[in-house]
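The values are calculated or read from the model by the stated rules, or taken from the named source; none is laboratory data. All values reported here derive from a predicted model rather than from experimental measurement. Note that each Cβ is placed from the backbone with ideal geometry, even for glycine, and that neighbours are counted across all protein chains shown.
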């Protein structure tokens, strides 16, 4: 008899950002005169940089002519893009990669949601807590996470690695040995990073334990401090234990343009099997490549002009981050993040829960943020603000919060 | 201990089209003077229509300005596109759909590969034989198909529904009751269709059996004959048993531009659970939408100019189909398809296997086609040629084959 994938029904409520959107919509409809400032979802607001726009127009023109029209993309993505990525994101940091170790995709969300598929259903996952919800949710759908304990807000078969003020928002090596370790640095939502020597401990741990690290570096472009690794492959022997996921969403404003990539070194094996081959097979079977014109735009991000222009955008957002961080600090909030990431992470005041503070802020300051508890049980009592608004709105939002 | 998804290792060899590409590359390197004509992969060759190009440029310009820049797409895709699809592809055929019954995606390959995820791992699938390999391969990866019998070229736990000359390439209702029935009409690779009354039998069968039909109508635009349904929802009560998958690849040349959609009516339930909700959850968790500029281009396909221009492209390809069909018939081949689909399906001559004929054709006519056996065991002894080449190449290829 036909049955559905019952794991889907275990997921509590809807995706975090859908819930926020619903609450904001309701408030907005009841208060049409209030100007709501959204510092909730991590969505960029600056338009695509001129160098990217030019590349898009050029690529569209190529699609208009028989001689330059492009049909199906190569399975792993166009070589011109993979080569450019390797040179700029890896060779420049002393890391060598082969062309077929880079897989172009439509974004880090798809890749971080799909990557679990190539592993056994009984693998045990470990996640930073709090963290981007897709890692856990995609494993719930696959049936790896056990049961959900509603009151605790946690799954029975997930290893949570608390990242709280007490440990400077850096996860500690878990007591139970996981099979898959999701690390996200700079971290979404806390904005925290770890140093290269700290990351090396994780690499050594994974190599010893026979675990695989899934390293999400979507916010790499926001790193401003020395000694924070830009790629996990800066660490020794990372190629034998780590998959790295990258995105064009936050460094180049591609949230609505969709492009990302995943690196799986051929050294990374489980027994005799290269994970690179499994992912290649998935790509070949269930995906048909990112659009040619988007891949062409992705290459333009690495041009001299593209780097300069996107660098200016990142600086704009990071100035917002400074405004938020310093403003909240001066108002007496306990704040972290915002230095190597566009996210500011604050403790909710007066013992409010994350969702209580969400409602409080929406009602009294008409500012939308993201409840920390939506990112995991250790996010309770915290709150995320993002630096992706306009400078004017950001200043106004912080002034409103100061006046509360 | 870390284990991989062992189901991946069950997949025999590589994806059909990768194997073909490899063989062609080897031949080409050994015979650099030969002009190879590719009528193998179903990839379009005409450039994007002018109306689509204009829409792409306009959308790129929107991404360049702060006021019109688009970040994350709505989970299900932009309403302007979903509304247009409903009006043109459904309302025009007497079918009503709600906006949230249409899910925009990056293509039919992703959707037809991913859709199995929302069903239980023990569901039994039935497929037309031969058919597009993604349906079976994606279920192999999920562990639904049992073991592969190499000599027979079949999986122990898949219900194959033979489509051969003897039954006019139309599948018959299976003896074993399946849970999921993949139907693809116009069929890839045979080019066969079934009438509305025949399709109604499948709908009635599925409703009685409690099965779900996954209806892939990627080639709908090529239907030329009356009484061939353009959507399964033309049949009575199809909404309670059928999911429909559509593509922009073949009607508008989007193979390298990537856009598709899937319809899941809210009437379609398993027990109390709407499959629509499960798919919405998957979309929200593992996908971040097709690029805005591509969705804008998709809407342009339905404009008056877009319809006229893409209609001319389809007519061009269908003239190629006629050239292939009539040419092969006059050369004594037994041929079908090419009337409601851009695929011509022929019996291999002199008892050659499909791959023997592939090698024979590549060696002696320097023409690349697709071995029928790559689409399923009942494809053995057949061969697919596609109408997506240029008219000149198509004529030359057929002349070469005639001279063999």
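Residue-wise test of (1) under 24 Å from residue A:388 (Cβ atoms); (2) part of a loop (DSSP other than H, G, I, E, B).
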position	(1), (2)
A:283	no, no
A:290	yes, yes
A:294	yes, no
A:311	yes, no
A:321	yes, no
A:326	yes, no
A:329	yes, no
Original post:
What number of residues within the range B:369-388 satisfy the criterion of being surrounded by 24 or more Cβ atoms within 10 Å (Cβ to Cβ) and not in a helix (DSSP H, G or I)?
Top reply: 11
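Quick grid of which residues meet (1) crowded, with 16+ Cβ neighbours inside 10 Å; (2) more than 14 Å from every other protein chain (Cβ to nearest Cβ); (3) part of a loop (DSSP other than H, G, I, E, B):
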{"site": "A:1", "(1), (2), (3)": "no, no, yes"}
{"site": "A:9", "(1), (2), (3)": "no, no, no"}
{"site": "A:12", "(1), (2), (3)": "no, no, yes"}
{"site": "A:20", "(1), (2), (3)": "yes, no, no"}
{"site": "A:28", "(1), (2), (3)": "no, yes, no"}
{"site": "A:46", "(1), (2), (3)": "yes, no, yes"}
Original post:
Does the range B:253-271 contain at least one residue that is touching a helix residue (DSSP H, G or I) at 6+ places or on another chain (Cβ under 7 Å) and part of a helix (DSSP H, G or I)?
Top reply: no
Original post:
Can you name the number of the only condition in (1) part of a helix (DSSP H, G or I); (2) within 7 Å of chain B (Cβ to nearest Cβ); (3) surrounded by fewer than 20 Cβ atoms within 10 Å (Cβ to Cβ) that residue A:56 fails?
Top reply: (3)
Original post:
What do you reckon, is residue B:328 touching a strand residue (DSSP E or B) at 6+ places or on another chain (Cβ under 9 Å), buried (at least 18 other Cβ atoms within 10 Å of the Cβ) and not assigned by TED's automatic domain parsing to the domain that holds residue B:96?
Top reply: yes
**OP:** Find the residue count for the range B:231-250, including only residues that are over 21 Å from residue B:207 (Cα atoms) and more than 14 Å from chain A (Cβ to nearest Cβ).
**Re:** 1
**OP:** Kindly check whether there is at least one residue in the range B:68-83 that is over 19 Å from residue A:256 (Cα atoms), more than 11 Å from every other protein chain (Cβ to nearest Cβ) and outside any loop (DSSP other than H, G, I, E, B).
**Re:** yes
Original post:
In the range A:84-108, how many are within 14 Å of chain B (Cβ to nearest Cβ) and touching a strand residue (DSSP E or B) at 6+ places or on another chain (Cβ under 6 Å)?
Top reply: 4
Original post:
Which of the residues that make up the range B:204-230 are over 16 Å from the mean Cα position of the chain (by Cα), within 14 Å of chain A (Cβ to nearest Cβ) and either outside any strand (DSSP E or B) or surrounded by fewer than 17 Cβ atoms within 10 Å (Cβ to Cβ) (or both)?
Top reply: B:205, B:206, B:207, B:208, B:209, B:210, B:211
**OP:** Would you mind finding the one in B:292, B:317 that is at pLDDT 95 or above, within 14 Å of another protein chain (Cβ to nearest Cβ), within 30 Å of residue B:65 (Cβ to Cβ) and buried (at least 19 other Cβ atoms within 10 Å of the Cβ)?
**Re:** B:292
**OP:** Being away from chain B (no Cβ under 14 Å) and more than 21 Å from residue A:109 (Cα to Cα) is the filter here, so list the residues in the range A:121-154 that pass it.
**Re:** A:146, A:147, A:148, A:149, A:150, A:151, A:152, A:153, A:154
Subject >> Test set (1) facing chain B (nearest Cβ under 9 Å); (2) surrounded by 14 or more Cβ atoms within 10 Å (Cβ to Cβ); (3) assigned to a loop (DSSP other than H, G, I, E, B) - residue A:40 fails condition number >> reply: (1)
